[in-house]
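Q: Quick one: this structure, given as structure tokens, is what I'll be asking you about.
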Amino acid sequence: MIVDLPHTVTSSLYSTFFLPLSHPLFFIKSATPQQATGNHQVEIPVEFPIDLVNFTPDTKELCENEKITNLKEFVDLSQHIAQNVVVGGEIRSFLNTFANTDEKGIAEVMPFRVGRRGLHYAEALGLMATDLEKHHLISFSVESFTDRQAAKITQRVTRVREYFKEEAAQIEQMLANFESLDRFFHYLENPVLEKKALRCLEFEYEARNGPRKKAGFFGKLAGIFKGKK
């Protein structure tokens, strides 16, 4: 039988479940953070935070209740669900996506760039913006965000930025220099989503650094030579 896992399932139910040893996701258990899952082509770190996976609120709550923090722990959880139960719903779909190396499917739930390897900051911001809007946490149709929406955006962007530190540092510098981020976001291949992700990014940046004011000619020159001695 197929069973969807409710967030109320107790830990004792997981203790007897196992996946076949041939299941591709077993590669996650012994892989280092830089190794790939499955057939080692997509190169997704096994320590990737589970809260950055684009799961539904129910699955996120399940992970929180079971204290699941990353992909490896999520797979370990999947191995402990009950020997005679076939996992259904979102969890089954997630496992099958990796089992079949479905890159488009992976990109729907993780910041993965189809045709490339690894995970990326732009895609993470795109997934974040999609998730916030999908679950009615914010609305991009308004001119300004409410305090509650602002807090949610700041919290989520900060979380993404903390994980993608190197890419984020480069984008921070581009924001400070008023450089265009079109090339950075064009990988999303969705102009509407690109604008939403950029709006969230700029909002969080200004929340930390204050409103940006474009510098004049001499201000730009000062910026170029700033820090040079």
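The values are calculated or read from the model by the stated rules, or taken from the named source; none is laboratory data. Quick caveat: nothing in here was measured; it's all calculated off a predicted structure. Please note: Cβ atoms are built from the backbone with ideal geometry, for glycine as well, and neighbour counts cover all protein chains shown. The area values use the complete protein model at the heavy-atom level, side chains included, leaving out ligands, DNA and RNA. Shrake-Rupley method; radii C 1.70, N 1.55, O 1.52, S 1.80 Å.
Q: Going through Thr154, Thr130 one at a time, which residue ends up being open to solvent by 10 Å² or more (accessible area, probe 1.4 Å), at pLDDT 95 or above, in a helix (DSSP H, G or I) and in contact with an Asp or Glu (Cβ under 9 Å, 6 or more places away or on another chain)?
A: Checking each option against the conditions leaves just Thr154.
Q: Which pairs turn up if I take residues in segment 199-210 that are open to solvent by 20 Å² or more (accessible area, probe 1.4 Å) and look for partners that are of a type in the set (Val, Ile, Thr) with beta carbon separation below 7 Å, at least 6 apart in sequence or on another chain?
A: Within 7 Å, the pairs are Phe203/Ile153; Ala207/Thr154.
Q: I've got another one for you. In segment 53-73, what residues are assigned to a loop (DSSP other than H, G, I, E, B) and open to solvent by less than 60 Å² (accessible area, probe 1.4 Å)?
A: Within segment 53-73, Val53, Asn54, Phe55, Thr56, Glu66, Ile68 qualify.
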